[in-house]
Amino acid sequence: MKTKTTQVEPSGRRKLVAGPLSRGDKWFFRSTSIAAYFSFFLVALILVFLFNQALPVLQAQGFGFVFGSEWLPEKEPMVLQLAPMLWGSLVIAFIGVVIATPMSISMAYLIQFMLPKRLARIATTLVDLLAALPSVILGLWGLIVFTPVAAGWAEILNRYLGFIPIFGVADPENAFRSSPWIAGWIVAVMIVPIITSVSREIFSQIDRDLINGALALGGSRLSTFRRVILPTSSSGVIGGVLLGLGRALGETVAIFYVLNLVMKINWYQLLESEGGAVASWILARFGEASPEEKQGLMAAGLVLFVITLLVNFLANVIVNRAQPWRKSS
Amino acid sequence: MAKQLSIQPWRKSSIARRVQIFLAVVVPLPLVMLVALLSGIDPTMSFITIFVPLQLVAAALVGYISYGRRGIGDAALIVVTTFLSMFVLILLASVLWSVISEGFKALSPQFIYQNNKYVEPTTSLEYGGVGHAILGTLMLVLLTTIVAVPLGFAMAIYLTQSQSKARNLVRTFTQAISGLPSVVAGLFILAIIEATGIGRSGVTGAMALFPLMLPTVARVAEESLKLVPVDLRYAALALGAPNYRAFFRVILPAAKTGLLTAVLLGLARIIGETAPLILTLNPNVATNLNPLDGGMMSLPTYVYNYLASYYDTSQARAWGASLVLLVLVAILFGSARIIGRQKSSKSKGKK
């Protein structure tokens, strides 16, 4: 079918086929569609191979793999459970999103609606540059430069807001450094560019007449932002936030440096020096893992992959559906 | 600033208003600096606890004088968004500055071209370098590019040139792969290694980078192919060219720079990847250019390995390698920008 439709007018009312397609065209479309179907193949391949390796561990551990909190590869039989890392990943990603979202929306608003063209272009370039920074460099910076600063902020938070449970610590002497709080900040730096670029894209699609109309009716900058820009773009921005969340869940190296990985669920104490992250745990254990434990790590990777896949699918569906009043074209 | 605040664009803002706005923007900063100097508070803290509220008050005051009560909200919006955006830029500047300033301490000619064959953690910085890691990185990236770029382009062609119904599904899956955590890409290749028994080598490292590069290339290439006016294609088809000729003779030349940008952005995406390489490639202290056999070093894994040890020289090496990596990323990123800009200015000129 596809071979015929290639010469159809875009309006598509009448099917005009100019003549028999050449053999070259058949090969052209055949080869490109093979390449395109490779994307399904790749996802399937990743799932199959990881599942194949992870199956023995998943069978042996059962649901405890996801819900238990002990990782004892030396014990007979092995106990491999991942809950603290999974929960830690969620906590860190959540902190990252909470920090990054206001910054990103501000940045997108500034670029799209306030800065003159030239400055806006420079700001866009800088944000894209932030996206291009390798995570190992952010890890290095996070460990040596940022950790002391963020630990200082954590100390102040703890001193003045320590009565709120999430900012409380058991022992101020041994807290603050290597905490989910710092890992959350590092992740926030990484996802700011993603959320910013998606939000900017969505903002730029808002019909200018809508904004001008709001202003002409006597709206101020703030009311236009709150009543026109945010409502029309909210679903797209939420999609961008979810994309950032997916990225944050999969972040490995940078978190590995700035977080103290502990196999004990740290439910909510953000400033305590213990936390978890699945991806970093895989990296941390990999070096000294026995073949069986490696299978456990594969299973952890499988869980991580499935979670990020779901988050990303959801995010992309939302972003693709998000069509604020588009420019009439 | 004056123009920004104006919500009555037909009215020119008076000089008095401009002076007020100028004062509101300029006065708080030195004032806070003075207070911080005199009282000795930590500068970053004084910035957050004193400067921002002060700036808010000043802006709100001017807003109130100029526009009445609604000016307050506008002023607050402007101050808050500017402050938050500045914060992002400060973080970026901090990263760049620390890498550049610390990296330069380790940098020297032999740091660029020597390898680390006889280097102990305590060896001084005059010996050894990242030469093997630079070559290794280039090798790995080249291997990945050879496979990922044609495939990514083919995907982009499929998405733009064919009328197939499966396009949306393909696009969704490509987007899904672009969210693949890098460590999972590494585990995937590791699973293949365990299942088939092939040895860990440069090829497996490049294989682990491949799923990370593919979606970036495909997406950017699709965007740039979309920019080619569809009339060009129809004209070629109407003249009797088969689709593949229309593509190679008409669309490809028109989208050349965009496709080059796609390659460069794909390279920038994978050149800094660490986790997949740690899982699928043995590190090496010597130069190895044979991708089929033996370990290889890449710049990110070099940084990773040296950061793990606590010797000062090791950390200096990590910073130096980071700087080299950052320069590579900046070259790729910058050339992508320049090429992209040339294209846009050319298309403007045509119109």
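The values are calculated or read from the model by the stated rules, or taken from the named source; none is laboratory data. None of the values given here were measured: they were computed from a predicted structure. Ideal geometry is used to build each Cβ from the backbone, glycine not excepted, and the neighbour counts take in all protein chains shown.
Descriptive notes on the structure:
- Selection status of residue B:147, at pLDDT 90 or above and either at the interface with chain A (Cβ under 7 Å from one of its Cβ atoms) or closer than 14 Å to residue A:37 by Cβ (or both): no
Let's see how each residue does on (1) in contact with an Asp or Glu (Cβ under 9 Å, 6 or more places away or on another chain); (2) assigned to a helix (DSSP H, G or I); (3) buried (at least 24 other Cβ atoms within 10 Å of the Cβ):
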| residue | (1), (2), (3) |
| --- | --- |
| A:75 | no, no, no |
| A:87 | no, yes, no |
| A:97 | no, yes, no |
| A:102 | no, yes, no |
| A:107 | no, yes, yes |
| A:110 | no, yes, no |
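- Inspection of region A:264-274 identifies at least one residue that is more than 8 Å from chain B (Cβ to nearest Cβ) and in contact with a strand residue (DSSP E or B) (Cβ under 7 Å, 6 or more places away or on another chain).
- Within region B:295-339, being under 30 Å from residue A:124 (Cβ atoms) and of a type in the set (Asp, Glu) holds for no residue.
- For region B:61-114, a tally of residues being assigned by TED's automatic domain parsing to the domain that holds residue B:27 and not in a helix (DSSP H, G or I) returns 1.
- Among the residues listed as B:159, B:142, the single one being in a helix (DSSP H, G or I) and under 18 Å from residue B:226 (Cα atoms): B:159
- Condition met for residue B:124 (among the polar types (S, T, N, Q) and within 30 Å of residue B:300 (Cα to Cα)): yes
- For beta carbons closer than 7 Å, sequence separation of 6+ or different chains, a first residue in region A:131-160 that is outside any helix (DSSP H, G or I) and a second that is at pLDDT below 90, the qualifying pairs are A:134/B:272.
- For region A:176-187, the criterion of being assigned by TED's automatic domain parsing to the domain that holds residue A:242, free of Cβ contacts under 8 Å to residues at least 60 places away in the same chain and not basic (Lys, Arg) is met by no residue.
- Considering each residue of region B:122-144 in turn, none proves to be within 14 Å of another protein chain (Cβ to nearest Cβ), at negative phi and surrounded by fewer than 20 Cβ atoms within 10 Å (Cβ to Cβ).
- Count of residues meeting criterion [hydrophobic (A, V, I, L, M, F, W, C) and on the phi > 0 side of the Ramachandran plot] in region A:155-180: 1
- Checking each residue in region A:185-219 for being not in a loop (DSSP other than H, G, I, E, B) and not hydrophobic (A, V, I, L, M, F, W, C) picks out A:193, A:196, A:197, A:199, A:200, A:201, A:204, A:205, A:208, A:209, A:212, A:213.
- Any hit, region B:55-72, residues being more than 9 Å from chain A (Cβ to nearest Cβ), touching a residue at least 60 places away in the same chain (Cβ under 8 Å) and within 30 Å of residue B:23 (Cβ to Cβ): yes
Let's see how each residue does on (1) exposed (fewer than 14 other Cβ atoms within 10 Å of the Cβ); (2) facing chain B (nearest Cβ under 10 Å):
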{"position": "A:152", "(1), (2)": "no, yes"}
{"position": "A:165", "(1), (2)": "yes, no"}
{"position": "A:168", "(1), (2)": "no, no"}
{"position": "A:192", "(1), (2)": "no, yes"}
{"position": "A:235", "(1), (2)": "no, no"}
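- Qualifying residue in region A:282-305 (condition: within 14 Å of chain B (Cβ to nearest Cβ), polar (S, T, N, Q) and closer than 17 Å to residue A:91 by Cα): no
- Residue ID - modelled with the highest pLDDT, chosen from residues in region B:303-320 that are more than 9 Å from chain A (Cβ to nearest Cβ) and surrounded by 23 or more Cβ atoms within 10 Å (Cβ to Cβ): B:320
- Test: residue in region B:292-300 that is modelled with pLDDT under 90 and either more than 30 Å from residue A:285 (Cβ to Cβ) or crowded, with 20+ Cβ neighbours inside 10 Å (or both): yes
- Only one of B:155, B:207 that is under 25 Å from residue B:135 (Cα atoms) and either facing chain A (nearest Cβ under 10 Å) or in contact (Cβ under 8 Å) with a residue 40 or more places away in the chain (or both): B:207
- Within region A:220-238, the set of residues being in contact with a Pro (Cβ under 6 Å, 6 or more places away or on another chain) and either closer than 17 Å to residue A:103 by Cβ or not in a helix (DSSP H, G or I) (or both) comprises just one member, A:233.
- Any hit, region B:226-246, residues being touching a residue at least 12 places away in the same chain (Cβ under 8 Å), touching a Leu at 6+ places or on another chain (Cβ under 6 Å) and away from chain A (no Cβ under 13 Å): no
- Test: residue in region A:139-147 that is farther than 28 Å from residue B:336 by Cβ and more than 11 Å from chain B (Cβ to nearest Cβ): yes
- Taken over region B:265-282, the criterion of being within 12 Å of chain A (Cβ to nearest Cβ), under 20 Å from residue B:322 (Cβ atoms) and part of a loop (DSSP other than H, G, I, E, B) is satisfied by B:272, B:273, B:274.
- The condition of being in a loop (DSSP other than H, G, I, E, B) and among the β-branched types (Val, Ile, Thr) holds for only one of B:250, B:303, B:285, B:324, that being B:285.
- Residue within region B:131-139 that is free of Cβ contacts under 8 Å to residues at least 12 places away in the same chain, part of a helix (DSSP H, G or I) and over 26 Å from residue B:205 (Cβ atoms) present: no
- Within region B:221-254, the set of residues being among the hydrophobic types (A, V, I, L, M, F, W, C) and crowded, with 24+ Cβ neighbours inside 10 Å comprises B:221 only.
- Whichever residue in region A:237-263 is among the β-branched types (Val, Ile, Thr) and more than 9 Å from chain B (Cβ to nearest Cβ) and, among such residues, is surrounded by the fewest Cβ atoms within 10 Å (Cβ to Cβ): A:262
- For residue A:220, the conditions (1) modelled with pLDDT of 90 or more; (2) of a type in the set (Gly, Ala, Ser); (3) in contact with a helix residue (DSSP H, G or I) (Cβ under 6 Å, 6 or more places away or on another chain) all hold with the exception of (1).
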